[in-house]
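The values are calculated or read from the model by the stated rules, or taken from the named source; none is laboratory data. Just so it is clear, the model here is predicted, and its values are computed rather than measured. Note: ideal-geometry Cβ built from the backbone for every residue, glycine included; neighbour counts use all protein chains shown. Just the protein is used for accessible areas: all its heavy atoms, side chains included, with ligands, DNA and RNA removed. Shrake-Rupley method; radii C 1.70, N 1.55, O 1.52, S 1.80 Å.
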Amino acid sequence: MAGYFPNWTLKTSGAVMPDERLPVGQTFIAGLQHVVAMFGATALAPILMGFDPNVAIFFSGVATLLFFIVTRGQLPSYLGSSFAFIGVVIAATGYAGSGPNANIGVALGGIIACGALYAVIGVIVQAVGTGWIERLLPPVVTGAVVAAIGLNLTAVAMNMISASPYTKWIALFTVVSVAVVAVYSRGLAQRLPILIGGFLAYLVYALTASSFGAPPVDFARVAAAPWFGLPNFVAPVFDGRAIALIAPVAIILVAENLGHIKGIAVMTGRNLDPLIGRGFIADGVATMIAGSGGGTGVTTYAENMGVMAVTRVYSTLVFVAAGMIALALGFSPKFGAVIGTIPVAVLGGLAIVVFGLIAATAGRIWVESKVDFSEPKNLLTVATALILGAGDLKLPIFGFELGGIGTATFGAIALYHLLNRKAA
């Protein structure tokens, strides 16, 4: 496979491009930071659907490594649990909202069908190019979708930090810690603001929680958990109604992934368009693999784009390290229990940072693509998508509920092309 992957060159200062690499130790630590960044959302999404979060984390590692291989090691991305599946999975399974999902197998069959449709779209893009999909999803629309995704996650972050005034202050301390490390530190520390800022907030919480009546950090589960253990895999069940409900999520994933790839292209200054088809195929196949064993559908993670935006480290080898660490998490209940001791308030503070950076990436897409907001069609498309996404408008369609991300995605696409007919 000579020439299939880049020849990564060593880089120890400044921005690190996808075909460059950090020293081995720094690569591993940077990968760990990406695992920390993805953990909250990748664990939260399966919990909201009644899935096993450890299985979801395991498959996120598998998906990330598969994505690296299919995209020839040229597209830096982490694949984690997609929030786009939550509404349709709950509708398809009748999940009550707490404990394990008794009908998880039915959801998995639908997730596999969604992944297959997604992969087929990727094959078409790879065969005929991206022109048609870029006409369907121009920069003004992809930027609107990226911004809507970030804003849609606002409620998740706010719910994580709102248990008490104390948790709100811890979350804000986390935000400030990350920001100060990112701006004022130098060398290796500047590349690890999420990890270092989060650790500082963790220490502050551990030292002060009992004084403010907050739950203390509990290591009892860590002591009780075994070091090694197989994930609790689950077999899929193929049900026509569930497939009809869940498979259309592929359209949302396409818009999500396209927006992410465009965002990474802006950050790196690289033309990544030739990799879009491969990215879709990899994401689709990874979703099928995850669904075959009890994992959630996966998507390229904007949370990790936020980490790249802060650190300016885009080396794809960092995501190999992250994927391998995620596999270790999946096989180690004890390691997962350690990560599970991170206070929700700290995770909420990290969520504020990374979710905000997701939304901010949209601005970069619009600026770099020279989107003209004096055009009413562009202004109205973005304005509508932002409110639909931020407000999480849930729309009943054909017996199931389309969540805010889906409503914003389809709304932006439909409204732009309706308003663009005048120009045509």
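Helices (runs of 4 or more DSSP H) wholly in segment 174-289 with at least 2 residues that are open to solvent by less than 20 Å² (accessible area, probe 1.4 Å) - which ones?
Values: elements: 193-208, 220-224, 240-246, 249-268.
In segment 174-289, the matching helices (runs of 4 or more DSSP H) lie at 193-208, 240-246, 249-268.
So, of the residues in segment 328-352 that are more than 17 Å from the chain's Cα centre (by Cα) and within 19 Å of A30 (Cβ to Cβ), which turns out to be modelled with the lowest pLDDT? Quick ask: steps written out before the conclusion?
Within segment 328-352, the first condition is being more than 17 Å from the chain's Cα centre (by Cα), and the residues that meet it are 328-346.
From what is left, the residues that are within 19 Å of A30 (Cβ to Cβ) are 328-329, 335, 339, 342.
On the way: A328: 86, L329: 84, F335: 72, I339: 69, I342: 79.
Step by step, filter segment 328-352, then rank; the result is I339.
Which one is modelled with the lowest pLDDT among residues in segment 372-394 that are open to solvent by less than 30 Å² (accessible area, probe 1.4 Å) and within 14 Å of A408 (Cα to Cα)?
Checked segment 372-394; the qualifying residue modelled with the lowest pLDDT is G389.
Residues checked against (1) surrounded by fewer than 23 Cβ atoms within 10 Å (Cβ to Cβ); (2) at pLDDT 85 or above; (3) under 25 Å from G269 (Cα atoms):
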position	(1), (2), (3)
N7	yes, yes, yes
E20	yes, yes, yes
A30	no, yes, yes
G40	no, no, no
A56	no, yes, no
A63	no, yes, no
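Quick check, is A102 open to solvent by 10 Å² or more (accessible area, probe 1.4 Å) and either closer than 22 Å to G295 by Cα or at pLDDT 90 or above (or both)?
On the way: open to solvent by 10 Å² or more (accessible area, probe 1.4 Å): yes; either closer than 22 Å to G295 by Cα or at pLDDT 90 or above (or both): yes.
Taking the combined requirement at face value, the residue satisfies it.
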Scan of segment 87-134 for residues that are in contact (Cβ under 8 Å) with a residue 24 or more places away in the chain and aromatic (F, W, Y), ordered by number: Y95, Y118
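Suppose the filter is outside any helix (DSSP H, G or I) and not aliphatic (A, V, I, L, M); does G3 pass it?
Working: outside any helix (DSSP H, G or I): yes; not aliphatic (A, V, I, L, M): yes.
Yes: the conditions hold for G3.
Residue by residue through segment 122-173, note down the ones that are hydrophobic (A, V, I, L, M, F, W, C), part of a helix (DSSP H, G or I) and closer than 30 Å to G213 by Cβ.
The initial filter retains those residues of segment 122-173 that are hydrophobic (A, V, I, L, M, F, W, C), namely 123-125, 127-128, 132-133, 136-137, 140-141, 144-149, 151, 153, 155-158, 160-161, 163, 169-173.
Subset that is part of a helix (DSSP H, G or I): 123-125, 127-128, 132-133, 136, 140-141, 144-149, 151, 155-158, 160-161, 169-173.
Across segment 122-173, the qualifying residues are A155, V156, A157, M158, M160, I161, W169, I170, A171, L172, F173.
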Residue by residue through segment 140-153, note down the ones that are open to solvent by 20 Å² or more (accessible area, probe 1.4 Å) and modelled with pLDDT of 80 or more. L151
